[in-house]
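Just below is one structure, and these are the notes that go with it.
The values are calculated or read from the model by the stated rules, or taken from the named source; none is laboratory data. Keep in mind that this is a model prediction, so the values were computed, not measured. For neighbour counting, all protein chains shown are included, and Cβ atoms are generated from backbone atoms with ideal geometry for every residue, glycine included. Surface areas here come from the heavy atoms of the whole protein model, side chains and all, with no ligands, DNA or RNA. Shrake-Rupley method; radii C 1.70, N 1.55, O 1.52, S 1.80 Å.
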Amino acid sequence: MKFSISILCFFLYQIGYTQSTSYTVSFDNAIHHEASIIATFKGVTDDTLAVRMSRTSPGRYALHEFAKNVYNVKAKDAKGNSLLIIRSNPYEWKIIGHKGTAVVSYTLFADRADGTYSQIDQTHAHLNIPATFMYASQLKNAPIEVTFNIPESSNWRIATQLKYVSGTTYIAPDLQYFMDSPVEISDHSVRKFTDTSNGKEYSFRFILHHLGTEAELDTYFKKVKSIVLQEKEVFGEYPDFENQTYTFLACYMPNVSGDGMEHRNSTILTDVESLSEGGMEENIGTVSHEFFHSWNVERIRPKDLEPFDFENTNMSEALWFAEGFTSYYTNLILCRAKVITKDEYVQGLAKAFNYVWNSPARNYFTPIEMSYQAPFVDAATSVDPVNRKNTFISYYSYGSMLGLALDLYLGKTSEDKNLDDYMKRVWQRYGKKEVPYTVKDLYELLAEYAGQSTADYFFTNFIYKSGMPDYKALFKNVGVIVIQNNTTSFTGLELDFTTDRKIQIKEYTVQGTPAYHAGLEKGDQIISINNQKFTAEENWKNWLSKRKVGTTLEVIYQRNNTQQNTQITLQENPEYVIAIDKNMTKKENTAQKKWLEAK
């Protein structure tokens, strides 16, 4: 936004606006996951007021149909007279006879705390705005005020990027900002630090609702701070946060669902793991990923996501960059911030590397087309099985591998080129000015930065097509080796060893694997392999490790209550191990330091 939200909100609040929306939220029945919400819509000019629940949520691309958790809907006019409500579709209510003001009350059921949904219980009110509040599209440009009635018996406090007014009342300048402003109301802990950038002092608040100790939070917060400082170095400055303040809303509780979701001046971080039970190491990557989004996706914004649509799916051609390049930096930043070691970072690349480059899905879709799949995969729900194993690569992982390739390629072709500097240029051209970009814009800027031949090479082969970069050569330049894992033979079977000693294939088999060629498929029950019966995964792996590539195995299995048999011919393991080369040259070591060490 080109204006100061604080100034605008204050001005509108003082003068009294003709059009507005205001909410009052109460949690008297939190034990049963209910909130009572009263919404007042003023200055309505149309004869009929249409209020609705959102079908999407910022940062998500699929439909979620939040209206399913709304009931007990009633409407009155400014004098308290009941108004007629017509349910025109599953997510909209039309209110007749309001005379300019409609007061709508309803009950919300909410019991999922993550980056999309809301949860209300005795521990907290975790509110994602689209999942919580009805809105009127015709008032989308009017200011919005919300008052939270905190339970008297609780120690709850409010944390949000919304502008504070007084008491428990907050305000947003318009619907887009309101929808993008999650709220955590709980008995939480707070840590803060400040940093100066370009002559401005920025404040960072870490809000944590958890069952751990203050000492654990202190340790965790040091990691958060180091991540924030290293990510600033990538872009050279912080975004212009509202009031120069950014808020991490973390909830590491046993009653939540693991997730992370970026917002303009804040982020949601949820996980069931406490800091003492693995969360100290496992949750910190989400912090790195979501804060990087402050630049890349919140302000460096794909044109096809502007403005965000709350009534339909949101599809973009650029998620391989918006989500994928952010994913590349997620662990790279952890390495630069010394949260993980260089060895841990490099070895950790193998998981995404093997997933992306061993997938047959590249035969069907390019990175751009993978991005188009987001409405079907980004927390989307459906009951019919899909063939994602063979047709889809996550744009997070695909894009991260492409970000890695471009970073290494730039460094290999020129000692003064790297992905950080390209990202700085993207930030200065598009993000800082908040000019939405297209994939063509990214291509043209790369040509401007690194030369036409580099842009043509990268985009023609790896973005507009599904080619695989020469990673062995790229890694060698920074003292990293890629070795195929030849220690075990490969079947392509993903087996589930159940408690009743039955073995089932638990996933659809992948094209090109021995299991696929043998005609085996998800749900098949393995009775024996070479007349051997296996009761535990360890026994199966030990037995398989002694079989050589090219060996044919006789498989007896059951499908649809019918016993059948087939043969599997073992292949070479297609997976690779990635590691730092202990015998790297001095030049390679220098290049590795430029890549991995703190800026």
* To do: Take the residues in the stretch 570-599 that are open to solvent by less than 70 Å² (accessible area, probe 1.4 Å) and of a type in the set (S, T, N, Q), then tell me which one is farthest from the chain's Cα centre (by Cα).
  => THR585
* **Which numbered condition THR286 fails, given (1) within 20 Å of the chain's Cα centre (by Cα); (2) under 17 Å from THR330 (Cα atoms); (3) open to solvent by less than 30 Å² (accessible area, probe 1.4 Å)** => (3)
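Would you check if VAL383 is touching a Lys or Arg at 6+ places or on another chain (Cβ under 8 Å) and not acidic (Asp, Glu)?
no
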* To do: Among the strands (runs of 3 or more DSSP E) lying completely within the stretch 115-164, list those that include at least 1 residues that are under 30 Å from ASP47 (Cβ atoms).
  => 144-149
* Hits in the stretch 462-480 - residues which are part of a helix (DSSP H, G or I) and surrounded by 14 or more Cβ atoms within 10 Å (Cβ to Cβ) -> PHE462, ILE463, TYR471, LEU474, PHE475, LYS476
* Asked: Of all residues in the stretch 339-374, which are open to solvent by 20 Å² or more (accessible area, probe 1.4 Å), under 18 Å from the mean Cα position of the chain (by Cα) and among the hydroxyl-bearing types (Ser, Thr, Tyr)?
  -> TYR372
* Asked: Can you name every residue in the stretch 383-432 that is among the hydroxyl-bearing types (Ser, Thr, Tyr) and not in a helix (DSSP H, G or I)?
  -> SER394, SER414
* **Qualifying positions in the stretch 42-69 - touching a helix residue (DSSP H, G or I) at 6+ places or on another chain (Cβ under 8 Å) and of a type in the set (S, T, N, Q)** => THR45, SER54, THR56, SER57, ASN69
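Of the residues that make up the stretch 202-218, is at least one part of a strand (DSSP E or B), more than 15 Å from ASN283 (Cβ to Cβ) and among the small types (Gly, Ala, Ser)? I'd like the intermediate steps shown before the answer.
Taking the stretch 202-218 first, the residues part of a strand (DSSP E or B) are 202-210.
So of that shortlist, the ones also more than 15 Å from ASN283 (Cβ to Cβ) come out as 202-205.
Filter again for among the small types (Gly, Ala, Ser), leaving 203.
Yes - at least one qualifying residue is present in the stretch 202-218.
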* Asked: Which condition number does ARG336 fail, the rest of (1) open to solvent by 30 Å² or more (accessible area, probe 1.4 Å); (2) in contact with a helix residue (DSSP H, G or I) (Cβ under 6 Å, 6 or more places away or on another chain); (3) among the basic types (Lys, Arg) being met?
  -> (1)
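Suppose the filter is within 20 Å of ALA361 (Cβ to Cβ), touching a residue at least 24 places away in the same chain (Cβ under 8 Å) and crowded, with 19+ Cβ neighbours inside 10 Å; does LEU404 pass it?
When the stated conditions are applied, LEU404 passes them.
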* Does LYS99 fit the bill of being surrounded by fewer than 16 Cβ atoms within 10 Å (Cβ to Cβ), at positive phi and not in a strand (DSSP E or B)? -> yes
* Name the single residue, out of those in the stretch 116-175 being of a type in the set (Asp, Glu) and over 17 Å from ALA30 (Cβ atoms), that is surrounded by the fewest Cβ atoms within 10 Å (Cβ to Cβ). => ASP174
* To do: Please give the strands (runs of 3 or more DSSP E) falling wholly within the stretch 483-599 in which 1 or more residues are of a type outside the set (S, T, N, Q) and touching a Lys or Arg at 6+ places or on another chain (Cβ under 8 Å).
  => 495-497, 503-505, 525-529, 552-559, 576-580
